[in-house]
6 protein chains.
Amino acid sequence: MANSKTSKESKVVMTELVLPNDTNTFGNLMGGRLMYWMDIAAALAAMKHCGAPVVTASVDNISFESPIKLGNVVHIEAKVSRAFNSSMEVHLSVSGEDAIHQYKYKSNEAYYTFVALDPNGKARKVPQLIPETEEEKKLFDGALRRRQLRLILGGKMDPTEASELKALFEKP
Amino acid sequence: MANSKTSKESKVVMTELVLPNDTNTFGNLMGGRLMYWMDIAAALAAMKHCGAPVVTASVDNISFESPIKLGNVVHIEAKVSRAFNSSMEVHLSVSGEDAIHQYKYKSNEAYYTFVALDPNGKARKVPQLIPETEEEKKLFDGALRRRQLRLILGGKMDPTEASELKALFEKP
Amino acid sequence: MANSKTSKESKVVMTELVLPNDTNTFGNLMGGRLMYWMDIAAALAAMKHCGAPVVTASVDNISFESPIKLGNVVHIEAKVSRAFNSSMEVHLSVSGEDAIHQYKYKSNEAYYTFVALDPNGKARKVPQLIPETEEEKKLFDGALRRRQLRLILGGKMDPTEASELKALFEKP
Amino acid sequence: MANSKTSKESKVVMTELVLPNDTNTFGNLMGGRLMYWMDIAAALAAMKHCGAPVVTASVDNISFESPIKLGNVVHIEAKVSRAFNSSMEVHLSVSGEDAIHQYKYKSNEAYYTFVALDPNGKARKVPQLIPETEEEKKLFDGALRRRQLRLILGGKMDPTEASELKALFEKP
Amino acid sequence: MANSKTSKESKVVMTELVLPNDTNTFGNLMGGRLMYWMDIAAALAAMKHCGAPVVTASVDNISFESPIKLGNVVHIEAKVSRAFNSSMEVHLSVSGEDAIHQYKYKSNEAYYTFVALDPNGKARKVPQLIPETEEEKKLFDGALRRRQLRLILGGKMDPTEASELKALFEKP
Amino acid sequence: MANSKTSKESKVVMTELVLPNDTNTFGNLMGGRLMYWMDIAAALAAMKHCGAPVVTASVDNISFESPIKLGNVVHIEAKVSRAFNSSMEVHLSVSGEDAIHQYKYKSNEAYYTFVALDPNGKARKVPQLIPETEEEKKLFDGALRRRQLRLILGGKMDPTEASELKALFEKP
């Protein structure tokens, strides 16, 4: 196993077509169906990074901005944004495309976290993640803050000790 | 349309069986499949509350604790926890059950937010939510704090102005 | 394994949303899709009662009264109504709900019978069923008559010996 | 619309392969999945007979004898057995086949009843059914008795007036 | 294992209903969904011929003539047309049917080729195919020419050595 | 509508995970399921090129070389290789990936042809395709030969007039 890998090496591009059974009564893609596809894309990115089976540990807050319509195309791009000891944060970017009108629009962004498992189902070490581009570096840096938030929301960290997050709430 | 309704009136109980296609290579329910079912259960609870079509606006941080196994049963309970102007926060509680060993275990909790739409797809007012039990009141109170967090994470509120949240990060 | 259990302990509540692929050309839920969901709900109720894997042995006459429409909600409630030596009769009650118009309607009732199996796939004993409410007692009593009918229809009992059923056809 | 048609003209032959998601924990086809396929095969037979859309009105008692295994083939044969005013009874015969061992076995038989609808969703007249072979004549004759049973079970006929059925319960 | 079998013995008839999720934006059956059903029908025909598991080796050029509409019936008929050493060519004939208008139309024809495998996944011998009817004999004879074409297209035969095919391109 | 577009502009990358229901008894991806995904990927590429709805007109000979296993990843890359009057040939390249063993392998290549339709379902003109790279130029040139083969196989061209193809069968 390599000790470190770039973000680019884990990149997964998924393309899906919105079919009738994927839509609500307005003919828009249901949020749950999109989260299902995002989970698979993100898991594949995490597996490419660590070369081991992975399980979804958590999903960060997702906000659905522009609905994707029946017959439109869903583009999902997933890349590992930071690796911790045995877990990996994956950044997802989703856009819709109306191929008839040649119009592409941003739908939403999200972060999924996965844990790598050994054959007995125990957590195992993963390679470090090396960010290269400016955007990758920004995602890498933000990952610490998001991790503190996850720990607080999961009841595993006391908010007063989350120094990175705390700073956000204080006037300069 | 009633001006207010109780939390209980919106309650939805969903039961699903984990089939082979719902599982990862460890024979555990995939996180994405579970989020798909949760989205439908939560949307039904929101529709019962407002009597109008709804769309998923956001999903809060979800942490997957205990995996649910192939052949086990998934129990999802969804109830509106608070109504705002045209949106509703739905609280979801998920547990797994091994019917053979008569063993039921908590899997995870989550909050999904929905917006009610009129026939033209514009947001419309929804009835207020009246919490009755102790647990419903606690969920109702926490909803404000979670909403501030959603607005901050969505870039729609300045953290220094989220007074409710801010208090959490300050030592007494 | 307990020697006897109440009907209530086996209760399963399933909620499904009617999606496009579940409907016929009139936009109504297809009977076969409903019977599929009923089979799973009933199997789960039987498994909760006996704590063992079960297989569908038979389905009694089902009559479909009110069609359930696309976008409506399907409510299925299943409870063991009587246990025999190694088989269990499960009573199912199905209703539809138009969440937009806040209107709930009865769709149909049915009885599914399951056999409990040991790890080698042989039939095994199941706990007795204790009915508690008036309705549960009525279902419990009727189970004998329905069982005679199943045996006759399956060619395993001579109609002239089905004393319970026979009585129904005789003027007082 | 023809005034009458033969049973043979409505014949539908359906062949399906049992895939992982169709099976229970024993690797056998779930009863509910089979009833779903049977419903579609029977509906197609009824549509061929009447040349109009149809809806499932009822399903008679089904008994599942031999389970069909994962990877085996399901053969469903459906034919209208008798036409009434606006409804049609369809006879179904199901067998399994293990193509590797070149072994075919009977699984079960069933009767589904359909109602023909006009474009406004009202029941409409259907052509009479002409049985030709010995087997078709036997199914045609038995249809009256099964119809009395359906009416009694649906609470629409008093058992003491079901003369055809009643005779079965009396010693010669 | 028999040394030879007739074409008729391998015949498989499959009937499917076109549901919403099977269609493109014109409400016509998607080509890919049809090829999926054809693959299963053809595999079953090949398995009936050889009594062993099979894998799809290749699919010949398919041309989609008449689209099959939502709510219409798909009829697929598959029969082994010729057996080679360890492979079998299966001929498929597909038609659509509008049951309401009692109108049946040819959709397309195709040839799928399968290889029989032993329990270790190695190719194994299959029985010879005996064509009986005029049409079966014509399909049997054409199989050699189609096989040369497959080998050329797969880069496994030099076109100048495909004597059967070459003749087609030469003026008499 | 642009008069011409590059091949690159139509590129679609699809990534899928092989789930239990996609596999045959050897745990390998079924050919029919793969052809279903390929059809969607190719249709999306064709729609991106012409900005109009498309229907599958034909699929060229596909040969399945390396089976893709359960739990592996399927990579499909589709690009328009040549445009004719109202039809487009799409080149597809499929590979499998075992993410655990970090091993990627070529599975197969194919050509699907689509026709662009106007709102009345009639064929309409499409932009010309401009190949840029060496590989794109080779695919562009070969398209004429493959088209002749399609016309001959579809009975719409006399082999003796297919000068491009004919040359292949003649010794230099």
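Read-outs throughout are calculated quantities, based only on the coordinates presented, and are distinct from any laboratory measurement. Computed from a predicted model, the values in this text were never measured in an experiment. In this analysis, Cβ positions are derived from the backbone assuming ideal geometry, glycine residues included, and neighbour counts consider all displayed protein chains.
Of all beta bridges that DSSP places with both ends in the protein assembly as shown, some 95 percent have antiparallel geometry.
Scaling against 2.2 N^0.38 Å puts the C-alpha radius of gyration of chain A at 1.12. Against chain E, whose longest principal axis is taken from its Cα atoms, helix E:134-153 shows a tilt of about 70°. Once backbone amide H atoms are built at 1.01 Å from N, D:Ala99 has D:Val73 as its partners under 5 Å, excluding neighbours fewer than 5 places away on the same chain.
Sort A:Arg145, A:Arg33 so the one with the fewest other Cβ atoms within 10 Å of its own Cβ comes first.
Numbers: A:Arg145 14, A:Arg33 23.
Going from sparsest to densest Cβ surroundings: A:Arg145, A:Arg33.
Listed by chain and number, the aspartates and glutamates whose C-alpha is less than 18 Å from the C-alpha of C:Lys156, apart from same-chain residues fewer than 8 away, are C:Asp60, C:Glu89, C:Glu164, D:Asp60, D:Glu65, D:Glu109, D:Glu170.
What are the distances, in nm and sorted shortest first, from the label point of B:Ala2 to the label points of the same position in each other copy, with each label point placed 7 Å from Cα along the Cα-to-Cβ direction? Here the equivalent label points are 3.4, 5.7, 5.7, 5.9, 6.9 nm apart from this one. Here's how it looks for D:Met157: its modeled amide H is under 5 Å from those of D:Ile152, which are all 5 or more places away or on a different chain. Neighbour counts of C-beta atoms inside 10 Å place F:Asp60, E:Asp39, B:Asp158 in the sequence B:Asp158, F:Asp60, E:Asp39, starting with the fewest. With 21 Å as the limit, the listed pairs A:Lys138/A:Lys166; D:Lys11/E:Lys5; A:Lys69/F:Lys122; C:Lys106/C:Lys166 have D:Lys11/E:Lys5; A:Lys69/F:Lys122; C:Lys106/C:Lys166 beyond it between alpha carbons. Averaging Cα coordinates gives a centre for region F:1-71 and one for region D:41-79; these two points are 33 Å apart. For the protein assembly as shown, the mean residue ellipticity at 222 nm estimated from helices alone is -9000 deg cm²/dmol, where every DSSP H run of n ≥ 4 contributes -39500 (n - 2.57) and the total is divided by all residues, rounded to the nearest 500. Among the GluC sites (Glu not before Pro) found in region B:105-172, those both in a DSSP coil and sparsely packed, with 12 or fewer other Cβ atoms within 10 Å of their Cβ, are B:Glu132, B:Glu170.
With a Förster radius of 45 Å, plug the Cβ-Cβ distance of D:Asn85 and B:Phe26 into 1/(1 + (r/R0)^6) and report the FRET value to the nearest 0.05. In this case the efficiency is close to 0.20. Between the amide H of D:Phe84 and those of D:Glu89, distances stay under 5 Å, these residues lying 5 or more places away or on another chain, with hydrogens modeled in the peptide plane.
Between copies, the label points at A:Ser66 (set 7 angstrom from Cα along Cα-to-Cβ) are spaced 3.8, 4.2, 4.2, 4.3, 5.8 nm, reported in nanometres from shortest to longest. Taken one residue at a time, the phi angles of region F:46-58 give Karplus couplings (6.51, -1.76, 1.60, θ = phi - 60°) of 5, 5, 5, 5, 9, x, 8, x, 10, 10, 5, 9, 7 Hz. Gly and Pro are set to x.
Determine, from the Cβ-Cβ distance of F:Ser163 and F:Asp118 and an R0 of 25 Å, the FRET efficiency 1/(1 + (r/R0)^6), rounded to the nearest 0.05.
Working from the Cβ atoms, E equals 0.15.
Averaging the Cα positions of each part gives two centres, and for region B:124-172 and region A:114-172 these lie 23 Å apart. Relative to the other identical copies, E:Lys104 shows label-point distances of 2.0, 4.8, 4.8, 4.9, 5.4 nm, where the label point lies 7 Å from Cα along the Cβ direction and values run shortest first. Sequentially through region E:62-76, phi angles give Karplus couplings (6.51, -1.76, 1.60; θ = phi - 60°) of 10, 10, 8, 8, 9, x, 9, 8, 3, x, 7, 9, 10, 10, 10 Hz, Gly and Pro residues having no value and appearing as x. Panel order for F:Ile62, E:Ile76, E:Ile100, by other beta carbons found within 10 Å of each beta carbon, from fewest to most: E:Ile100, E:Ile76, F:Ile62. Shape class of the protein assembly as shown from the Cα gyration tensor (axes a ≥ b ≥ c, square roots of the eigenvalues): oblate, since a/c reaches 1.5 or more and a/b does not exceed b/c. The residue in chain C that lies nearest, by its beta carbon, to the axis linking chain C with chain F is given here with the distance in whole angstrom as C:Asn21, 8.
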